[in-house]
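Here the structure comes first, spelled out in structure tokens, and everything after it is commentary.
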Amino acid sequence: MTGRIEGKVAVVTGGCSGIGLATVRRFAQEGAKVVIADLSDEQGAAIAEEVGGTYVHGNVADKTDVDNLFKVAHETYGRIDIAFNNAGISPPDDDSILDTDLEAWNRVQLVNLTSVYLCCKAVLPYMLEQKSGSIINTASFVAVMGAATSQISYSASKGGVLTMTRELGVQFAREGIRVNALCPGPVNTPLLKELFAKDAERAARRLVHVPMGRFGEPEEMANAVLFLASDESSFMTASTFLVDGGISGAYVTPL
Ligand code: NAD
């Protein structure tokens with residue numbers, strides 16, 4: 001049996017942890033050659049060996065690094081079919097607008113939003129030449145909903161990712177290139193686990209809004225990304241793909 005993305009070449013940013021790592025593994029299981037970009041060099045090398053892929057050190061907020069990432073991917077495998085622009089941060093000093101200073105605001109915008117602009121700009125010429133490609137940008141459910149537990153720059157950055165994704169999806173729809181936004185609900189990644197293990201009340205304040213009564217798992221995001229990456233989603237572009245346990249559809253949740 002052949003895999004669902006057999007022979008395709010995929011670039012995954014932030015591929016050393018959480019949603020990115022689960023997706024790297026899922027992509028490899030389904031037959032893709034995977035290029036992982038991250039800042040965690042030791043883990044990156046080990047993961048690349050595990051999946052038979054390639055690791056490239058790269059800061060997604062740096063244009064030279066991003067251009068190099070896609071150049072290496074193209075030189076190594078001859079094409080780029082899938083770009084999962086996923087790396088992002090959610091630092092504690094990005095909080096209420098009243099407490100978030102300009103430095104924290106700018107840092108989050110750079111890593112979460114400017115990075116997606118840089119990655120899309122770098123990969124599109126390769127995909128345009130091939131006349132095919134699937135780009136998946138990681139936004140968030142906070143791009144479509146407001147929270148009183150604010151992370152102001154994070155939410156604004158994800159709104160930007162969603163809007164940019166929609167625009168690119170429309171612009172390149174007749175060139176064989178699809179661009180979709182993954183909007184995860186809260187997911188059990190190392191970051192979230194650490195935060196909520198320390199503070200049960202903080203976790204409970206959020207869990208009450210999830211109809212399914214639990215956080216998502218990275219593997220559940222990876223399955224959604226695989227669908228968007230593969231030809232199974234061939235009539236989808238410019239979409240807001242919510243994988244959120246029903247949060248965005250809920251008013252009153254079950255007891
Ligand atoms: P994570 O912290 O587990 O993994 C992020 C990875 O990105 C890490 O390996 C990190 O080293 C890498 N990274 C960070 N900054 C980088 C940079 N400048 N250059 C290159 N790599 C960098 O995070 P995660 O929870 O898997 O989140 C992945 C994406 O999903 C992010 O965009 C995040 O905003 C989004 N998201 C997460 C959740 C959640 O609940 N976990 C919910 C919605 C959206």
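List of remarks:
- The eigenvalues of the Cα gyration tensor, multiplied by 5 and square-rooted, give region 10-117 an equivalent ellipsoid with semi-axes of 28, 15, 11 Å from largest to smallest.
- Computed over region 203-251, Cα set: Rg, Dmax in Å: 13.1, 39
- Ranked by the mean number of other Cβ atoms within 10 Å of their residues, highest first, the peptides 93-100, 186-193, 18-25 come out as 18-25, 186-193, 93-100.
- Gyration tensor over the Cα atoms of region 110-155: the corresponding equivalent ellipsoid has semi-axes (square roots of 5 times the eigenvalues, largest first) of 29, 12, 5 Å.
- Interchain or long-range residues, amide H under 5 Å from G15's placed H: A37
- Taking all pairs of distinct alpha-carbon atoms in the chain, Kirkwood radius in angstrom: 18.3 Å
- Label-zone membership for region 131-165, site V208, 7 angstrom Cα→C-beta point, backbone N under 14 Å: 148-149
- Interchain or long-range residues, amide H under 5 Å from T54's placed H: V34, V35, I36
- Folded to 0 to 90 degrees: helix 115-130 orientation relative to the chain principal axis, Cα: 30 degrees
- In this simple spin-label approximation, H57 and Q130 carry label points 7 Å from Cα along the Cα→Cβ vector, and these lie 2.7 nm apart.
- What the pair-distance distribution of region 113-255 shows, using all Cα-Cα distances binned every 10 Å from zero, is 11, 38, 32, 15, 4, 0 percent.
Taken together, the values in this text are just the output of simple stated rules run on the coordinates, not laboratory data. Keep in mind the model is a prediction, meaning the values are calculated, not measured. Don't worry about glycine lacking a Cβ; one is built from the backbone with ideal geometry, like all the others, and counts go over all protein chains shown.
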